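Okay, structure first, notes after.
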Amino acid sequence: MCAAALLTACGSSDSDANELIFGGAWSRPTPGDATNGVVYFSVTSPIDDEILSVSVPPAIAGEAMMHETLLDGIAPPAMPSMDHGDSTGEMSMVPLESLPLPAGETVVFEAGAKHIMLTDLAAPLVEGQTFSLTFELREAGTQTINVLVTPNPPD
Ligand SMILES: [Cu+2]
């Protein structure tokens, strides 16, 4: 039943007032030899909440993690640095252990900023494909969204 609810939250029947609003979840198609994918979306919580973790079905990727891209010169938060890049020079990424969602504030995951990183892709992500991403939130519990694989951000 969630399959039809493209780009919208589902599986939230255990909450009502705490309903999160997810927008525009998308992921770039990947070339055949890529091991990592990336997911972007926006989320708004009506109450103060916090994303505790994110997961992806094993049929899609080995692991999903929240990351933030930083530029050299900007002090990273007090977390271990994790540099994926071998040629990107000034860009680095740090894992986000959790992410606060202040009430009513839209938090955006987008290129060059916060993103969900998928590692150990089981297969290339193909344009038109969809897959689910599941979030654990401190207040809202488990929330699952559908992600569309597309080269361009949805409107
Ligand atoms: Cu990353």
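The values are calculated or read from the model by the stated rules, or taken from the named source; none is laboratory data. Bear in mind that the values here come from a model prediction, so they are computed numbers and not experimental data. Cβ: placed from backbone, ideal geometry, glycine included. Neighbour counts: every protein chain shown.
Does Gly37 satisfy the condition of being crowded, with 19+ Cβ neighbours inside 10 Å and within 16 Å of the ligand (Cβ to nearest atom)? Spell out the reasoning first.
Values: crowded, with 19+ Cβ neighbours inside 10 Å: yes; within 16 Å of the ligand (Cβ to nearest atom): yes.
The answer is yes for Gly37.
Using the structure shown, decide if Pro153 is touching a strand residue (DSSP E or B) at 6+ places or on another chain (Cβ under 9 Å), without any contact (Cβ under 8 Å) to a residue 60 or more places away in the chain and surrounded by fewer than 19 Cβ atoms within 10 Å (Cβ to Cβ).
On the way: touching a strand residue (DSSP E or B) at 6+ places or on another chain (Cβ under 9 Å): yes; without any contact (Cβ under 8 Å) to a residue 60 or more places away in the chain: no; surrounded by fewer than 19 Cβ atoms within 10 Å (Cβ to Cβ): yes.
It is false that Pro153 is touching a strand residue (DSSP E or B) at 6+ places or on another chain (Cβ under 9 Å), without any contact (Cβ under 8 Å) to a residue 60 or more places away in the chain and surrounded by fewer than 19 Cβ atoms within 10 Å (Cβ to Cβ).
Please work out if Thr88 is at pLDDT below 85, polar (S, T, N, Q) and closer than 24 Å to Asn152 by Cβ.
Numbers: at pLDDT below 85: yes; polar (S, T, N, Q): yes; closer than 24 Å to Asn152 by Cβ: yes.
Spelling it out, Thr88 is indeed at pLDDT below 85, polar (S, T, N, Q) and closer than 24 Å to Asn152 by Cβ.
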